[in-house]
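Working notes, structure below.
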Number of protein chains: 6
Amino acid sequence: MSEPGAGRFPIPALESLPADMRERIAKVQEKAGFVPNVFVVLAHRPDEFRAFFAYHDALMLREGALTKAEKEMIVVATSAANHCTYCIVAHGAILRAYSKRPLIADQVAANYLKADLSAREKAILDFAMKVATESHRVDEADFAPLEAHGLSREDAWDVGAIAAFFALSNRMANLTAMRPNAEFYSMAR
Amino acid sequence: MSEPGAGRFPIPALESLPADMRERIAKVQEKAGFVPNVFVVLAHRPDEFRAFFAYHDALMLREGALTKAEKEMIVVATSAANHCTYCIVAHGAILRAYSKRPLIADQVAANYLKADLSAREKAILDFAMKVATESHRVDEADFAPLEAHGLSREDAWDVGAIAAFFALSNRMANLTAMRPNAEFYSMAR
Amino acid sequence: MSEPGAGRFPIPALESLPADMRERIAKVQEKAGFVPNVFVVLAHRPDEFRAFFAYHDALMLREGALTKAEKEMIVVATSAANHCTYCIVAHGAILRAYSKRPLIADQVAANYLKADLSAREKAILDFAMKVATESHRVDEADFAPLEAHGLSREDAWDVGAIAAFFALSNRMANLTAMRPNAEFYSMAR
Amino acid sequence: MSEPGAGRFPIPALESLPADMRERIAKVQEKAGFVPNVFVVLAHRPDEFRAFFAYHDALMLREGALTKAEKEMIVVATSAANHCTYCIVAHGAILRAYSKRPLIADQVAANYLKADLSAREKAILDFAMKVATESHRVDEADFAPLEAHGLSREDAWDVGAIAAFFALSNRMANLTAMRPNAEFYSMAR
Amino acid sequence: MSEPGAGRFPIPALESLPADMRERIAKVQEKAGFVPNVFVVLAHRPDEFRAFFAYHDALMLREGALTKAEKEMIVVATSAANHCTYCIVAHGAILRAYSKRPLIADQVAANYLKADLSAREKAILDFAMKVATESHRVDEADFAPLEAHGLSREDAWDVGAIAAFFALSNRMANLTAMRPNAEFYSMAR
Amino acid sequence: MSEPGAGRFPIPALESLPADMRERIAKVQEKAGFVPNVFVVLAHRPDEFRAFFAYHDALMLREGALTKAEKEMIVVATSAANHCTYCIVAHGAILRAYSKRPLIADQVAANYLKADLSAREKAILDFAMKVATESHRVDEADFAPLEAHGLSREDAWDVGAIAAFFALSNRMANLTAMRPNAEFYSMAR
């Protein structure tokens, strides 16, 4: 029960990885105190690994109007819609850490419509959920609630692109039977 | 953010309640260290309160083949399908406490199909989820996987009846905007 | 074809039941002229039987703004959404009897949106159906149409709680393969 | 409440209709004792009326292995899936009349999976429902259960074509807000 | 791979057909340069064939406010919702031919909400899709957007009836595994 | 109607882009004869652009058991499920080009279950569609049909990862209202 990917695909030995990947993983380990399983499982395919984390960083580290907590909130809400255990648990932990709101991740995962959200956060998650679950219906009217909270087109791109990226991430985690590290469950509660 | 029911319906003062209800609530408070909000919110209607908890106890305290942890697992899985924040969080805590498995509640809430379950637990949740989400399709074939794990018709009734009771409970919690007590989120982790 | 529960669970002999249950059943039989199968099938578990009917009575016999016919209409509409043959047929009969509208039950069961309903009845069923099928989305705006017809928060609780109780009842009837008594089909037409 | 089509489209005066239509309607009236509203509402468009009933007769009057009751059963089951009040009520009456089983129509409309059906009837309705609700998934394997009951490819065409024709009929009835004549509700009970 | 119906049902020899059917087919062949497979496959049942094309012509050849292109657009959009390969491809070709817009059929088939449509075309397809996918919810409010574009009740009947007729047609094509003629794919591009 | 993204987000001037992006785009233009709009629209965000195409190439150019045509088939089938006009049309063209089967793209987009596929192609698309639409249910049994066609775990990763990547891609195209270049519609027919 303790493997990162439940044995579905091979897990590489970290020391066998190319230097750039080892370096990236070492940094995360230093910061978090452990290596999140998403790094371990996706390392099986170095090119995809590099593209995945480059994309992740482009969105999640980008400066903009969305706070780090708002970004993680998008991840938790859309990952719950996709029933992705890894992302709900791991990003739930990060959401608690960034927001300093220890209850918010479990609320958003269960039903974001009843979570303790500001009106702005609610508008962000409504938009993100539409991109996650029925993006073909997104139309101009969907941008208005974001604009009512001072969020620009660029911010809307951020919201939608994070929902889109985790549509990928959730499917990879489900495909690989990726398992959250035990540390995530209790972090920042 | 701290009201038990988000102001949607009146919350009675506990001291104004009939003696039998106060007594029941006092016992729970003694055991848990706090009064779970389901008692506070449903106390608004004493007759329904009494019937609700009588039904709850008839199912959840009944001796039988299902363990207490298995019963709570049914509650968490079916409440997740109904997006009931109160039941996921509160019964998730109780599931952790009974099972001594601190990670299991979050796994079952996210996607019971990928949770660390025994084959028996998986069969129980499959049956419970069918009753919760498409009970009109339950047929004789659905009992076979339970029987393969030594679970009788009586046990199947327990599984199905718990799923059915929480179909009610989830809807009442959602109707009343019932909020989990903060204590539940971190209990038994 | 004539068993109350299609042989899925044991049916107790009525004379073997505890006195309070026999008394309750005798009263129903006296009034209806026969024993509705829900009493026969659920009698297999006396504690659950008592809680079930206590809950039923707390909601269905409670004095309030909803008429008896309106309450039965909620049962028929939500039971149709759950494809519960027993509740559609049995409560359809009771709806015809209370409302003196011999066509209304079949209309509500087929498609309540096209049934011959007053605007108030339509608002009640819209609210009930939301609780029955997506209670996690119920929000403050859902109460407004009820209020427009003079229905208070207490009345909304009644509507929602009846929908919630029959979410349980429908699942128990489907689980136990409960069959409507033949008498219900033609009653009050 | 008594108009055939709730006022949504004009209803022609029967005496203004072309002779062939008047004749057809007169025959039905003679047999049934009243003019079913489907004739009245669809008469608004004579060419469509003629094609509709020619198609109806080609399927419903065709000699083959399916009994008249089995054909009506297909209509009731698929019309229930489409929430078509007119077809559920009117063809429910005809089903009762042909089958001499006064309870069967209400059972099939509520949940055909739990109706008192023979294995052959169950296989017919499974096939019909697949054509009605997800015809794009029909494949060779779906014909096997029909064949197991001695039903040929020609019979399968009948089953599927009746489901297909009532996909049209249900939509026309819903579009025109067609109302069942009061006589249908109590016929043959 | 080249049979009109993938071998699921017998395909009649055209020369064996009754004169009226041969004549109809000859006319189509003269105009199109080939015999569309819908004629070949449905000819297996002459009475149904005649009713089908009588109905088709009553709707598609009827004079009214809808243009021929608008009618074909309804066919393509609703057939896409039903995943009917034959109708998407064959009527997509006809739509291109009538509209002189070589890209429109592929756009409407993929997602009509993002196709290059006028506001009137969008309103027509919204109404048609509601009839195709949830006709039981059609109500008076659905007619207003059509009226805003000058479309009368008669025009709304046309829109809805075309959607309804192709609900039948799509199911027959899926039931019979009807295959589009190769010519349709590239026609009018 | 001719903008690459319908005006929803700013479109950068190609000459203003960083050299590496201009070079990549120039190469595509040279090969295709035009610049596909996905390059134009996503160039608004250079870092995301680079990660997107790095990921794309890692999957689509990777050597393995899947042919180029099989990879494009996955894109078309899953993009159809997401109603992504851009990907259906653009990758449909590429699928036609690689497969030399001019009808296959329209068939797969309409209903892959009825397309002219080999058993191996059908197995690949079944797996891809499960990842695209309900990845949380993927389990060990889903790999068996791939293995029956000689496809390894690595190949299954390819299938699933392509479905996952286009879950992202489809959502970005829908978010940005990305429009297929006119050239794609008729290419390789």
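In whole percent, how big is the carbon plus sulfur part of the accessible area of region D:78-164, probe 1.4 Å, protein atoms only?
Working: 1520 of 2750 Å².
The value for region D:78-164 is 55 percent carbon and sulfur by accessible area.
Provide the buried accessible surface between chains D and C in square angstrom, both chains summed, 1.4 Å probe, rounded to the nearest 100. Please report the intermediate quantities before stating the final value.
Details: alone 9830 and 9820 Å², together 17810 Å².
Buried: approximately 1800 Å² between C and D.
Note down the magnitude of the dipole of the protein assembly as shown about its Cα centre, charges +1 on Lys and Arg C-beta and -1 on Asp and Glu C-beta and zero elsewhere, to the nearest 20 debye. Don't skip to the end; give the middle numbers.
Working: 132 positive and 144 negative charges, 0 e Å.
The dipole magnitude comes to about 0 debye.
Scalar couplings 3J(HN,Hα) for region A:90-95, obtained by applying the Karplus form with A = 6.51, B = -1.76, C = 1.60 to θ = phi - 60°, are 5, 6, x, 4, 5, 4 Hz; x denotes Gly and Pro.
Across the alpha-carbon atoms of the protein assembly as shown, the computed radius of gyration and Dmax are 30.4, 91 angstrom.
Shown for region A:34-63: residues covered by the partner protein chains by 30 Å² or more of accessible area relative to the chain by itself (probe radius 1.4 Å), namely A:His44, A:Arg45, A:Glu48, A:Ala51, A:Tyr55, A:Ala58.
So what's region E:10-78 giving for Cα Rg divided by 2.2 N^0.38 Å, two decimals? Show your work: numbers first, answer last.
Numbers: Rg = 13.4 Å, N = 69, 2.2 N^0.38 = 11.0 Å.
Its radius of gyration relative to the 2.2 N^0.38 Å reference: 1.22.
Other residues lying with their Cβ under 13 Å from the Cβ of F:Glu30 contribute a combined charge of +3, Lys and Arg counting +1, Asp and Glu -1. The base-10 log of I(q)/I(0) for chain B, evaluated at q = 0.19 Å⁻¹, reads -1.35 [Debye formula, identical scatterers on Cα atoms, solvent excluded].
With the convex hull constructed from alpha-carbon coordinates only, region D:72-141 shows a mean projected area of 4.6 nm² over all directions.
When the helices in chain B are scored as -39500 (n - 2.57) per DSSP H run of 4 or longer and the sum is shared across all residues, what 222 nm value do you end up with, to the nearest 500 deg cm²/dmol? All intermediate terms of the calculation are to be shown ahead of the outcome.
Numbers: 10 runs with 121 residues, N = 189.
One gets -20000 deg cm²/dmol as the mean residue ellipticity at 222 nm.
Take every pair of alpha-carbon atoms less than 8 Å apart whose residues are at least six positions apart; their mean separation over the length of region F:56-189 yields a relative contact order of 37 percent. Taking only the C-alpha atoms of region F:64-113, the Rg (one decimal) and the largest Cα-Cα distance, Dmax (whole number), read 9.7, 28 Å.
At the listed q of 0.20 Å⁻¹, the Debye profile of region C:17-128, built from one uniform point per Cα, gives log10 I(q)/I(0) equal to -1.12.
Karplus-derived 3J(HN,Hα) values for region E:13-28, using 6.51 cos²θ - 1.76 cosθ + 1.60 with θ = phi - 60°, are 6, 4, 5, 8, 7, x, 4, 4, 6, 4, 5, 4, 5, 4, 4, 4 Hz; glycine and proline are entered as x. For the options D:Gly64, D:Gly92, D:Gly33, a Gaussian network treatment of chain D with springs between C-alpha atoms closer than 10 Å singles out D:Gly33 as fluctuating the most.
Taking only the C-alpha atoms of region C:127-189, Rg followed by Dmax gives 15.3, 42 Å. Summary for A:Thr67: label point 7 Å along Cα→Cβ; distances to the equivalent points in the other copies, ascending, 4.1, 5.3, 5.3, 5.4, 7.0 nm. When you work out D = kT/(6 pi eta Rh) for region F:81-189 at 4 °C and 1.567 mPa s, using the Kirkwood radius from C-alpha pairs as Rh and the Stokes-Einstein form, the result is 88 µm²/s. Summed over the residues of the protein assembly as shown and divided among them, the accessible surface reaches 36 Å² per residue at a probe radius of 1.4 Å.
Anything over 28 Å Cα to Cα? Flag those among E:Lys31/F:Lys31; D:Lys100/D:Lys122; A:Lys27/A:Lys71; C:Lys71/E:Lys130; C:Lys68/D:Lys31, in the order listed. Numbers along the way, then the final one.
Numbers: E:Lys31/F:Lys31 40 Å; D:Lys100/D:Lys122 18 Å; A:Lys27/A:Lys71 21 Å; C:Lys71/E:Lys130 31 Å; C:Lys68/D:Lys31 39 Å.
With Cα atoms farther than 28 Å apart: E:Lys31/F:Lys31; C:Lys71/E:Lys130; C:Lys68/D:Lys31.
The values are calculated or read from the model by the stated rules, or taken from the named source; none is laboratory data. Quantities reported herein were computed from a predicted structural model and do not represent experimental measurements. Every residue, glycine among them, receives a Cβ derived from its backbone with ideal geometry; neighbour counts consider all protein chains shown. In case anyone asks, the SASA skips ligands and DNA or RNA and just uses the protein heavy atoms, side chains included. Shrake-Rupley method; radii C 1.70, N 1.55, O 1.52, S 1.80 Å.
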